[in-house]
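*Asks:* This structure is in structure tokens; I'll ask about it shortly.
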Amino acid sequence: MSGASFVRTLAGVVLAIVALFSIDTFLAKTERAESRVEATRFYASGQRLLEQGKSAEAVQQFRSAIAIERDNQDYQLALGQALLAAGRSAEAEAALNELLQRNPIDAATNLAMARVLAKEDRVDDAAFYYHRAIYGQWKHDAHANQLKVRFELTDLLNREGSKEALLAKLLPLQNDAPDDLATRKQLGHLFIAAGSPARAADIFRALLRTQPRDPEVYRGLGDAEFAEGNYHTAQAEFQASLHLRPADLETQHRLDLCDQVLELDPMQRGLSAEEQYQRSRTLVERVLEDVIRCLGGSASGAAQELIKIVQDGLKKSVPPARRRAALEDNLAWAERLWKVRKTDCKQAIGASEEPLALLSAILVR
């Protein structure tokens, strides 16, 4: 074979190899593109099923998407969320843990993990991941998402009754949160739950300047004043709320409770000494009756002794000159009896006992 012929043959072989490689590369890219389209279809189907509440079916769709694109974090996150929605918390935690090992600062994944742990009532662990979500990396709308997560964490702490922790999370939110009406109302109610009704009252008063016809704002301010023990002021705010929305049964209940407390409160301003004494006697009699009914035959020795002291004291005739001293005795007995009610009685406080509970709380303070 001549040199020229060899070169032509070699060139032909090279061209054939290049052509085959190009065809193979094209086919591979086409196959990958088709696979991505298929994975996207499974993912979109899973999202639709999840929105429809069909979480078990959504799990299968997300697993199919992951089988095609194993490294797609969006698919894996969606799988964790679907598993949680399906009530499979342990599997959701495992799936999200795997994802977090690869990207521990992804905010959306940390948020999903926080929700899994909150569902399992692991509050401290959930709070840890909520914090990681707040300070993690968001793909978009970082500030808005951070605020959303902060509020979600406060809701968790509120449900758990963690007042100090809740207040600590609310204080920075007071200035950072949006100034829209719904958010400010939510903040106000959360401050009441956190044991800071004065801050709540400030928020609702500020809202009233721009929303003087909003019954929910009046009720919120009433709740704040009620929590502070300012029952006269709370009564006026609840009445204003009902004037704007007369059919609000919850506000009516709050107003009725205010009325009952004010009718029973022996330390209310403007009462005569005799009226104060009579109210204090009524108060201690009602608390005593409630404690005896609640404890039944299971009263401890200390509780029985206290009940006997109060019963004997109430039997004694009190001359007018001793009414002031008797008033103080009655208030002290009511306070001690209510402490027994809280510690020794297993029954929940009923509607008829709410005024007693509120007045006793004031006495304890």
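*Asks:* Just how large is the dipole of region 242-324 about the Cα centre, in debye to the nearest 20, putting +1 at every Lys and Arg Cβ and -1 at every Asp and Glu Cβ?
*Replies:* That gives a dipole near 460 debye.
*Asks:* So, with +1 on the Cβ of K and R and -1 on the Cβ of D and E, and no other charges, what is the size of the charge dipole of region 108-167 about its Cα centre, to the nearest 20 debye?
*Replies:* Numbers: 9 positive and 9 negative charges, 42 e Å.
Result for region 108-167 is approximately 200 debye, rounded to the nearest 20.
*Asks:* A further question follows. When the dipole is taken about the Cα centre of the chain, and only Lys, Arg (+1) and Asp, Glu (-1) are charged at their Cβ, what size is it in debye, to the nearest 20?
*Replies:* In total the dipole reaches around 240 debye.
*Asks:* Which one, [x] 54; [y] 65; [z] 50, gives percent of Cα pairs over 28 Å apart as derived from the coordinates shown?
*Replies:* [y]
*Asks:* When the Kirkwood hydrodynamic radius is evaluated over all pairs of different C-alpha atoms of region 213-365, what value in angstrom, to one decimal, is obtained? Let's see the in-between values first.
*Replies:* Values: mean 1/r = 0.0598 Å⁻¹.
For region 213-365, inverting the mean 1/r across all distinct Cα pairs yields 16.7 Å.
*Asks:* Report, in degrees rounded to the nearest 10, the 0 to 90 angle that the Cα long axis of helix 323-344 makes with the longest principal axis of the chain.
*Replies:* Its long axis makes an angle of about 30 degrees.
*Asks:* Can you give me the % of accessible surface on the chain that is carbon or sulfur? Probe 1.4 Å, all protein chains present, nothing else counted. Could you put the intermediate results ahead of the total?
*Replies:* On the way: 10750 of 20280 Å².
Carbon with sulfur: 53 percent of the solvent-accessible area.
*Asks:* Report, to the nearest 10°, how far helix 73-85 tilts away from the longest principal axis of the Cα atoms in the chain, using its own Cα long axis and a range of 0 to 90°.
*Replies:* Compared with the principal axis, the helix lies near 40 degrees.
*Asks:* Could you compute the FRET efficiency for Asp344 and Ala177, with r as their C-beta to C-beta distance and R0 at 51 Å, rounded to 0.05?
*Replies:* 0.75
*Asks:* Send over a whole-number figure in Å² for the accessible area per residue of the chain, probe 1.4 Å.
*Replies:* Counting only protein heavy atoms, the per-residue value for the chain is 56 Å².
*Asks:* Now for a different question. Treating the angle as unsigned and between 0 and 90°, give the value, to the nearest 10°, between the Cα long axis of helix 142-160 and the longest Cα principal axis of the chain.
*Replies:* Helix 142-160 sits at roughly 40 degrees to that axis.
*Asks:* Quick one: ranking Tyr43, Tyr130, Tyr135 by accessible area, 1.4 Å probe, largest first, what do you get?
*Replies:* Details: Tyr43 60, Tyr130 10, Tyr135 160 Å².
Ranked from most to least accessible, the order is Tyr135, Tyr43, Tyr130.
*Asks:* What are the ³J(HN,Hα) values, in whole Hz, obtained from phi via the Karplus relation 6.51 cos²θ - 1.76 cosθ + 1.60 with θ = phi - 60°, for each residue of region 98-109 in sequence order, with x given for Gly and Pro?
*Replies:* 4, 5, 5, 5, 8, 9, x, 9, 6, 5, 4, 5
*Asks:* While we're here: Which GluC sites (Glu not before Pro) in region 175-229 pass both tests, a DSSP loop state and at most 16 other beta-carbon atoms within 10 Å?
*Replies:* Answer by residue number: Glu228.
*Asks:* Counting only pairs 8 or more places apart or on different chains, how many lysine pairs in region 26-170 have C-alpha atoms closer than 29 Å?
*Replies:* So the count works out to 12.
The values are calculated or read from the model by the stated rules, or taken from the named source; none is laboratory data. None of the values given here were measured: they were computed from a predicted structure. Note that each Cβ is placed from the backbone with ideal geometry, even for glycine, and that neighbours are counted across all protein chains shown. Accessible surface is based on the protein model in full, side chains and every heavy atom, while ligands, DNA and RNA are left aside. Shrake-Rupley method; radii C 1.70, N 1.55, O 1.52, S 1.80 Å.
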